[in-house]
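Take a look at the structure set out below.
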Amino acid sequence: MRLLTWNLIVTLAVGVWASELSRVEAETVPERAIASEFGFDPSDATAALQGAIDSGARVVVVDKQASAWLVRPIRLRSDLTLILESGVEIAAKPGEFLGGGDCLMTANRVKNLRIVGGEGAVLRMRKRDYWSEPYKKAEWRHGVSLLSAENVVIENVTIAETGGDGVYVGVSAGAGPCRNITLRRVDCVENNRQGVSVISVDGLVMEDCVLRDTNGTAPEAGIDFEPNKDAEQITNVVMRRVKSINNAGDGFAFYLPNLRNHGSELSFVMEDCVAVHNSARAFSFTVANGENCKLPGACVVKNCELIGNRDGIAIRSKWADGAAFRFENVRIVTASADRKANFDYSKAYSSSAPKGYESWGKTTTDSGISLIAVGTDVDANGGLEFKNVEIIDGGDAGAPEFLMTLRDASSEGVGFVDITGSIRSTTVGGATRETTLNNAALFELFPSLKARRVPAWNFAKLKDISTGSTALELAQAHRDRAKEQRNPNAFFRARGDADYYFFAEKGDEVAWTFVQRKIGSYPLNDVEAELTESTGEVVALEKLPAGGERKTYRYVAKETGWKHLHADFGASTVELHDATAPILTAARPSLDAFGTVGRFELYVPKDAEDLGVRVVGSAAERVTLRIVDPTGAEVAVLQDVSSLDSWTSPEDSATGKPVKPTPGFWTLIFERPTTGVLEDYVVTILGVPALLR
């Protein structure tokens, strides 16, 4: 009985204490706090602003002062409404933000956050300061960084000149996506990397936002959706009346190759949006294509205008099944049409044209719609519907071009299917052409899709070096050719991934030199190279440092057989020089060449049943290829390749089977095109060992 009485007394006491504590907290934690009352200092207002936020007040008002609120990185918290009075500017303090990931404001795992600005409210950093010492180069000094945040609203704010993105919607370590994020009337102006980056989100609404003048660090898009990991997602995204203007990259970019079919859907709607004067594509969409890559969901772009961008819509590796994709009531105005004085829609959106706008050149098929299958694709591309889509070009007379291209640069030709609807092509002069799309129409519009598919040669066969094997025949043929000193005397300038194979006896030393070359303003980076021995052992080689454009390697073979050499040069290119043994350039799954002309040799072994050569260019960047058989006869000329062109062994009219290609060394001669420019093109060899020297 005494024990029960004592427990009752303790319980009552604790209840009274808790009630009193709540009363005291209610009295000490204000409902509303004025930031300047926490000690505004015009030289460093961090303590005042952070103190007001940390006070626990549900509403914190940043009041207008005679000067900007100069601050160091600010931490936001849950259950907070941050109000910026009209004319308030919160700016990065000079000399601060030395850390590569220092953001103006960070909301890490917070919930129920609102940032609301009055007229002219600005969050500003010092982008150009971060481009030189004492700052280390970085692309993560964001204006507002949301990490696994929930129920966040940002509205009526300009975010300018950040060292990274205006707004970053990302993931905190070990946590899930951001959820229920709203950006309303947010202007992202002249930020360094992106206006907005979205890494992982479930529920994003953007309304009446402007994303403009992004420049500094690639990708330089207005908005870029780019998950870093498979576990991330882009789900339930809605963009209404968003304008992406004069960005150095894409207007609206979806770069999603890191996503796999892990359960979360891919779903977004773009409605009444505008892309104007972006220096890359108005709308760009890239996914992974292959096993476990087909995301469920639905994607819609409707009632949108894409005006005067360098290119219109570009879609890469889009699987034919998976998330449905629809373009409805979309108008693409090419740069040539935009420049016409009597057809200038751009004035409604932008008062000035981007740098170099006048030199963008004439209209090409990329100015409209480009559908691209890349070398690693294994599934058919497609699954697209075009409903009331119009492409307006600057032509004055004659029939308008059909400004849509399909480029199948996949290694074996996956093709395109389930592309439906219609596209209306119009010139400024008033001519109109309506093109209906379906599977049958695609084959008529793009005859290259009819090319016979040739199976790829399996590189695993190089492991078999038994007497009479193809691998041994190939090695002997190239060694004999080298002794004859018959070298085509040309070097493939491979872009990005570079793969090579060479044969060596155990104990042989093989030397070669990598020559790394820049493309445009892309910087040279440290390059990691590795070699796979005949046994399958992977051997890491010394890095090719960014500061050195060439490096000589020496390798002593551990076993007799074929070795595989791989390096990824990113945006730069590589040539292989001064090899002491025949080192062959692989053209499968594909070989991305840059500015390469010359004669190259391809060995066709005695047991070859078929042969196929595929070349992919683009509307502006083209190449011509001549194919010569071992007798010296020219069997094909692929002239000024702008999309996909191919040659395969002819079929026997009696059997319907391909004629076996003549064994021996075939010659591939790459030449400059007669129209367009020689820059990027892709070559793939099928049916035989895809190795060139």
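The values are calculated or read from the model by the stated rules, or taken from the named source; none is laboratory data. Just so we're clear, the structure is a prediction, and the values are computed from it rather than from any experiment. No Cβ is skipped: glycine too gets one built from the backbone with ideal geometry, and neighbour counts run over all protein chains shown. For the accessible areas, the whole protein counts, side chains as well, though only heavy atoms, and no ligand, DNA or RNA atoms are used. Shrake-Rupley method; radii C 1.70, N 1.55, O 1.52, S 1.80 Å.
Where in segment 547-627 are there strands (runs of 3 or more DSSP E), lying fully within it, with 2 or more residues that are closer than 30 Å to GLY290 by Cα?
Working: elements: 550-556, 561-577, 583-586, 591-594, 598-604, 612-616.
The strands (runs of 3 or more DSSP E) meeting that bar are 561-577, 583-586, 591-594, 598-604, 612-616.
Would you please name the residue that is nearest to the chain's Cα centre (by Cα), looking only at residues in segment 136-157 that are within 22 Å of GLY95 (Cα to Cα) and open to solvent by 20 Å² or more (accessible area, probe 1.4 Å)? Give the steps one after another, and end with the answer.
Applying the first criterion (within 22 Å of GLY95 (Cα to Cα)) to segment 136-157 yields 136-145.
Narrowing further to those that are open to solvent by 20 Å² or more (accessible area, probe 1.4 Å): 136-137, 139-140.
Values: LYS136: 24, LYS137: 21, GLU139: 16, TRP140: 17 Å.
Applying the filter and picking the extreme gives GLU139.
Hey, can you tell me all the residues within segment 447-467 that are under 30 Å from GLY656 (Cβ atoms), in a loop (DSSP other than H, G, I, E, B) and modelled with pLDDT of 85 or more?
Start the filter on segment 447-467 by keeping residues that are under 30 Å from GLY656 (Cβ atoms), which leaves 447-461.
Narrowing further to those that are in a loop (DSSP other than H, G, I, E, B): 451-458.
Across segment 447-467, the qualifying residues are VAL454, PRO455, ALA456, TRP457, ASN458.
Which ones in segment 397-425 are assigned to a strand (DSSP E or B) and either crowded, with 20+ Cβ neighbours inside 10 Å or at positive phi (or both)? Break it down into steps so the answer makes sense when it comes.
Of all residues in segment 397-425, those assigned to a strand (DSSP E or B) come to 404-408, 416-425.
Matches in segment 397-425: MET404, THR405, LEU406, ARG407, ASP408, PHE416, ASP418, ILE419, GLY421, ILE423, SER425.
Quick one: would you say THR675 is open to solvent by 10 Å² or more (accessible area, probe 1.4 Å) and in a loop (DSSP other than H, G, I, E, B)? I'd like the intermediate steps shown before the answer.
Values: open to solvent by 10 Å² or more (accessible area, probe 1.4 Å): yes; in a loop (DSSP other than H, G, I, E, B): yes.
In short, yes.
Could you name every one of the strands (runs of 3 or more DSSP E) located completely within segment 225-333 that has at least 1 residues being touching a His at 6+ places or on another chain (Cβ under 7 Å)?
Working: elements: 234-240, 243-245, 252-256, 266-271, 274-276, 281-287, 297-307, 311-316, 324-333.
In segment 225-333, 243-245 are the strands (runs of 3 or more DSSP E) which contain 1 or more residues that are touching a His at 6+ places or on another chain (Cβ under 7 Å).
For the structure I just gave you, tell me whether ARG479 is open to solvent by 40 Å² or more (accessible area, probe 1.4 Å), assigned to a helix (DSSP H, G or I) and touching a strand residue (DSSP E or B) at 6+ places or on another chain (Cβ under 8 Å). Before the answer, list the steps.
Working: open to solvent by 40 Å² or more (accessible area, probe 1.4 Å): yes; assigned to a helix (DSSP H, G or I): yes; touching a strand residue (DSSP E or B) at 6+ places or on another chain (Cβ under 8 Å): yes.
Yes: the conditions hold for ARG479.
Given (1) within 21 Å of ARG316 (Cα to Cα); (2) at pLDDT 90 or above, identify the lone condition not met by ARG433.
Every listed condition holds for ARG433 apart from (1).
Considering each of ASP272, ASP344, ASP311 in turn, give the residue that is open to solvent by 10 Å² or more (accessible area, probe 1.4 Å), over 20 Å from THR420 (Cα atoms) and at pLDDT 95 or above.
Details: ASP344 fails: at pLDDT 95 or above; ASP311 fails: at pLDDT 95 or above.
The conditions single out ASP272.
Could you tell me which of the residues VAL604, VAL574, VAL616 is out of contact with any Cys (no Cβ under 9 Å at 6 or more places or on another chain), at pLDDT below 90 and more than 20 Å from GLU528 (Cα to Cα)? It would help to see each step written out before you state the result.
On the way: VAL604 fails: at pLDDT below 90; VAL574 fails: more than 20 Å from GLU528 (Cα to Cα).
Unique residue meeting the criteria: VAL616.
Return the only residue of PHE443, PHE386 being of a type in the set (Phe, Trp, Tyr), under 23 Å from ASN289 (Cβ atoms) and crowded, with 17+ Cβ neighbours inside 10 Å.
Going through PHE443, PHE386 in turn, the sole match is PHE386.
Go through segment 158-169 and give me each residue that's hydroxyl-bearing (Ser, Thr, Tyr) and closer than 19 Å to GLY95 by Cα.
Taking segment 158-169 as the starting set, the residues that turn out to be hydroxyl-bearing (Ser, Thr, Tyr) are 158, 162, 168.
Of everything in segment 158-169, just one residue is hydroxyl-bearing (Ser, Thr, Tyr) and closer than 19 Å to GLY95 by Cα, namely THR162.
For the structure I just gave you, tell me whether VAL510 is in contact (Cβ under 8 Å) with a residue 40 or more places away in the chain, assigned to a loop (DSSP other than H, G, I, E, B) and surrounded by 18 or more Cβ atoms within 10 Å (Cβ to Cβ).
On the way: in contact (Cβ under 8 Å) with a residue 40 or more places away in the chain: yes; assigned to a loop (DSSP other than H, G, I, E, B): no; surrounded by 18 or more Cβ atoms within 10 Å (Cβ to Cβ): yes.
Criteria not met by VAL510.
Checking the conditions here, which among ASP213, ASP165 is open to solvent by less than 10 Å² (accessible area, probe 1.4 Å), among the charged types (D, E, K, R) and out of contact with any helix residue (DSSP H, G or I) (no Cβ under 8 Å at 6 or more places or on another chain)? If you could, list the steps in order and put the result at the bottom.
Numbers: ASP213 fails: open to solvent by less than 10 Å² (accessible area, probe 1.4 Å).
Going through ASP213, ASP165 in turn, just one is open to solvent by less than 10 Å² (accessible area, probe 1.4 Å), among the charged types (D, E, K, R) and out of contact with any helix residue (DSSP H, G or I) (no Cβ under 8 Å at 6 or more places or on another chain): ASP165.
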